[in-house]
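The values are calculated or read from the model by the stated rules, or taken from the named source; none is laboratory data. Just so we're clear, the structure is a prediction, and the values are computed from it rather than from any experiment. Cβ: placed from backbone, ideal geometry, glycine included. Neighbour counts: every protein chain shown. Accessible surface is based on the protein model in full, side chains and every heavy atom, while ligands, DNA and RNA are left aside. Shrake-Rupley method; radii C 1.70, N 1.55, O 1.52, S 1.80 Å.
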Amino acid sequence: MSTAVVNYDEVADWSGQPWNRDVTGVAVDSHDRVYLLQRGPIAVTVLDRDGAVVDRWRNEWFSDRPHLISIGRDDLVRIADDGGHRVFTFDLDGALLGSIGDGTPSRTGFDQSTHSQLEDALGQMGGGPPFNRPTKMASSPSGDLYVSDGYRNCRVHRFSADGQLLTSWGGPGSEPGQFVIPHSVTVDNDGRILVCDRENDRIQVFTADGELLDVWNHVQRPTDVAVDLHGFIYVTELPRGPMDLESWRLGRADVTLPGRVSVWSPHGSLAGRIEPPECEFAAPHAIAVDSSGAFYVSEVPESFATSTGRPQRIHRCLRKFQPRHTLSRSTSASTTDPTEADARPHAFLPHAVGAQPRREI
């Protein structure tokens, strides 16, 4: 079986805008247009592949915390609003097609009023029905919808295309099949359900019915996953330090581990990793990949600083990375855990396309 080593260039100042405010989500449609989700009066900004703005959607539906955005093979846009306890479906022009949830948080056992530490409150949570601060909705080829739920729940919900709840799975904890802040859900090319189990430092892989297939442990606080046409898997990973939440699976970090982006081949080897000192990520939160293999990373340094007590500073919150070349690619999918990372160099090249210097933050 072949192994891939992929080189990436950052496209410096892509779109010609600074993007120095939080960009909570990013998605790409079938025309390679890029959809950015932000908190504020403009909820969605649509760019072409060169970064020119082609559309903007005013915020007429969300709370002050829209969270992640996805676009499925049906070219419909799904947005999870964690502050509003609802999920939405739109067409590509921003027309609302439907929503799930009545805006009332479900009872999950989470009660921080009786626990001074967030970790204790999460540990006492039992889980419940939809929704209590959902994080992402993704569609499957069958038309079913999957929602990771979320910040104050510990479950994944499966809905029919018309919004009827079919099943839920999960629960609090670090055992296989359990979650602590399921931060994102993605459906891969084979219809498997990939769940970013953020505070267990892992991605869990399920069948469409919620049967556990695999657990990928060699990731760090994963926040989002994207899958390209060849089955390569792209993961955004938050920093973790001694003052951050403790990993339920690994314990508290002794030193600060920086944020990064990892790319895994379909058969589980590490194909690329972007990290310091070549590139600094403050709070990588979402990722999307287009038909050419270029990928987009959005970040939320303002929200991350507020929630963790880290100092705030200006940081570019949207970046595009372009693949330079691929030595070989395997298009066969696998349920292999991407933990057997090979020792080949991961090959991020910190120079922008056109031999321009990388933008320093």
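Going 7 Å from the Cα of residue 119 toward and past its Cβ, which residues in the stretch 220-247 have a backbone nitrogen under 19 Å from where you end up? Under 19 Å, as judged by backbone N against the label point of residue 119, lie 220-222, 238-247 of the stretch 220-247. For the stretch 31-90 versus the stretch 125-140, the spacing of their alpha-carbon centroids is 18 Å. Near residue 272, the amide H atoms lying under 5 Å from its own belong to 263; only residues 5 or more places off or on other chains count, and H is placed 1.01 Å from N. The mean sequence separation of alpha-carbon pairs under 8 Å and at least six residues apart, normalised by the residue count of the chain, gives a relative contact order of 19 percent.
Zone of residue 73 (label point 7 Å along Cα→Cβ, backbone N under 20 Å): which residues in the stretch 110-144? The answer is 137-144. Among rounded, prolate and oblate, which fits the stretch 167-272 when a ≥ b ≥ c are the square roots of the eigenvalues of its C-alpha gyration tensor, a/c under 1.5 means rounded, and a/b larger than b/c means prolate? Cα axes put the stretch 167-272 in the oblate bin. Between residue 31 and residue 189, the FRET efficiency estimated from the beta carbon spacing at R0 = 30 angstrom works out to 0.95. Rounded, prolate or oblate for the chain? Axes are the square roots of the Cα gyration tensor eigenvalues, ordered a ≥ b ≥ c, and the cut-off for rounded is a/c under 1.5. Verdict is rounded for the chain.
Quote the FRET efficiency, to the nearest 0.05, computed for residue 104 versus residue 314 with a Förster distance R0 of 41 Å and r equal to the Cβ-Cβ distance. Write out the running numbers ahead of the final one.
On the way: r = 38 Å, r/R0 = 0.92.
The pair residue 104/residue 314 has a calculated efficiency of 0.65.
Run the accessible area of the chain with a 1.4 Å probe and give the carbon-and-sulfur part as a rounded percent. Roughly 48 percent, rounded to a whole number. Accessible surface area normalised per residue over the chain is 40 Å², counting heavy atoms of protein chains with a 1.4 Å rolling probe. Rounded to the nearest 500, the 222 nm mean residue ellipticity of the chain from helices alone is -1000 deg cm²/dmol, with -39,500 (n - 2.57) taken per DSSP H run of at least 4 residues.
In the complete set of protein chains, residue-level accessible area for residue 175 is approximately 110 Å², probe 1.4 angstrom.
Highest mean packing comes first when the peptides 244-253, 192-201 are listed by Cβ atoms within 10 Å, giving 192-201, 244-253. Once you have a ≥ b ≥ c as the square roots of the Cα gyration tensor eigenvalues for the stretch 1-156, tell me rounded if a/c is under 1.5, and otherwise prolate or oblate according to whether a/b is larger than b/c. Prolate, since a/c reaches 1.5 and a/b exceeds b/c. Taking amide H atoms as placed 1.01 Å from N in the peptide plane, the amide H of residue 214 lies under 5 Å from those of 205, each 5 or more residues away in sequence or on another chain.
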